[in-house]
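The values are calculated or read from the model by the stated rules, or taken from the named source; none is laboratory data. Keep in mind that what you see is a predicted model, and the values were worked out from it rather than measured. For neighbour counting, all protein chains shown are included, and Cβ atoms are generated from backbone atoms with ideal geometry for every residue, glycine included. Side chains included, ligands, DNA and RNA excluded: accessible areas come from the protein's heavy atoms. Shrake-Rupley method; radii C 1.70, N 1.55, O 1.52, S 1.80 Å.
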Amino acid sequence: FSLRENPVIEIPHVRWKDVGGLESTIQELREMVLFPIRHADKFKQFGMSPSTGVLLYGPPGTGKTLLAKAMASECGLNFLSVKGPELLSMWFGESEANIRKLFDQARAAAPCIVFFDELDSLAKPRGSRMGDSGASDRVLNQLLVEMDGINARKNVFVIGATNRPDQIDPALLRPGRFDRLIHIALPDEAARFSILKAILRLRPGASLTGFLAETDLQWLARKTPGFSGADLMGVCRRSLELCIQSLGEGNGVKRQWQAIAHSKDLSTITREHLE
Ligand code: ATP
């Protein structure tokens, strides 16, 4: 089986405060996931099936995975995460079986969030693919069947993520399936500032925040247009390393941050470079 025999079901440890700059998205997701769980009886009474899928789309490294994990841990839900390509197998029928198995596991672990990263790899629009003798159609159909089995799969919420929403078959985006699309864009300056604060609070060398005043973080946020959250994480990690090397040199730290921010290719930055 290409699918790990036991994909890890866990409650992650990511908190809302670890996610920077996505406040309104967090609010929207919370309502979507928690509302139907808390008010299941009302939905039933009025014959409504709650929304059970959301698609997060946007550039890489913008916090889609982080958000899904925070959602699970803050709401006390199990979390089952899989990358689309992991479910695909060269053997006839096995990819569909993997999808079935994944949803079986999710049902058994309910209440549970299933996170599908790289969803586009499973759901390419019909007609856009060539020469796969119907395998992609069977995979997509299986996914549709599972998404439609929504009433059966109690308290299972599905979060999909993709960088290519145009590469998802529209059938998967219909009501009752991934019927809410949320764009996670590259962060603007204010969001970058929030992300930096969130990241630095996490670091074991939390004294780094002591080194750096809020104004330094504001400065860095201003200097980093086009950086994703993951890029900012890279900046923080690299600069922490440099800070550790130069502890005691005091105001050298800020220069290091400046040099880092001026180069997006963090791997090229060396100590000499900063001197
Ligand atoms: P991909 O599309 O490549 O899967 P993604 O959007 O799922 O990317 P994440 O894996 O969530 O991105 O982000 C990678 C890392 O970058 C996170 O673990 C975190 O350290 C940092 N990061 C990204 N966005 C944020 C954010 N909004 N707040 C705090 N940290 C962030």
Revision key, fill the gap. Shape call for segment 49-117, from the Cα gyration tensor axes a ≥ b ≥ c (a/c under 1.5 means rounded, otherwise prolate when a/b beats b/c, else oblate), comes out oblate
**Study point:** Over 31 Å between alpha carbons, listed pairs Lys124/Lys223; Lys83/Lys223; Lys17/Lys223; Lys17/Lys124
**Key:** Lys124/Lys223; Lys83/Lys223; Lys17/Lys124
**Study point:** Sites Asp216 and Ala97 - FRET efficiency at Förster radius 41 Å, r taken between beta-carbons, to 0.05
**Key:** 0.20
Exercise for review: Could you do me a favour and compute the accessible area per residue for segment 51-136, 1.4 Å probe, result in Å²?
Suggested key: 39
Study note, to complete from the structure: Note on segment 1-124: alpha-carbon gyration tensor, axes a ≥ b ≥ c; rule is a/c under 1.5 for rounded, else prolate if a/b larger than b/c, else oblate; result oblate
Check your understanding: So, in Å, what gap is there between the alpha-carbon centers of segment 160-193 and segment 83-103?
Key -> 23
**Study point:** Cβ-based charge dipole, segment 154-203, positive-most Cα from Phe178, Phe193, Asn155
**Key:** Asn155
